[in-house]
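Data first, discussion second: the structure below is written as structure tokens.
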Amino acid sequence: MKPQQTTIVPEMIDCIAEDRSPSAGELFRVADHIWTDLRGPRSAFSWGELTQDSSERLLTLRAAQAALAGTAFSSPNR
């Protein structure tokens, strides 16, 4: 039996524990993790191959932002 990949990425734990906004690198790593969870590692369209303005890429980045910050939009006091 294959070990299961963790569903809570370390970046989420760090941002929540430290009550801070994610860095750009953290945001993109979490988005990549979400994309792989949704599409699988063998998707014809891997995360790195999506265009910058792809609606799927933008929605995945919003999901990553929501996971890391608790909202899809940054609050003004952060």
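The values are calculated or read from the model by the stated rules, or taken from the named source; none is laboratory data. As the structure is a computational prediction, the values presented were derived from the model and not from experiment. We place every Cβ from the backbone using ideal geometry, glycine too, and count neighbours over all the protein chains shown. For the accessible areas, the whole protein counts, side chains as well, though only heavy atoms, and no ligand, DNA or RNA atoms are used. Shrake-Rupley method; radii C 1.70, N 1.55, O 1.52, S 1.80 Å.
A few comments on the model shown:
- Residue that is modelled with the highest pLDDT, among those in the stretch 47-71 that are open to solvent by less than 40 Å² (accessible area, probe 1.4 Å) and assigned to a loop (DSSP other than H, G, I, E, B): 54
- Filtered residues of the stretch 7-33 (kept if open to solvent by less than 80 Å² (accessible area, probe 1.4 Å) and small (Gly, Ala, Ser)): 21, 23, 24, 25, 31
- Of all residues making up the stretch 15-29, the number that are of a type in the set (Gly, Ala, Ser) and either modelled with pLDDT under 90 or outside any helix (DSSP H, G or I) (or both): 3
- Any chance residue 36 is modelled with pLDDT under 90, open to solvent by less than 80 Å² (accessible area, probe 1.4 Å) and either under 16 Å from residue 8 (Cα atoms) or in contact with a His (Cβ under 8 Å, 6 or more places away or on another chain) (or both): yes
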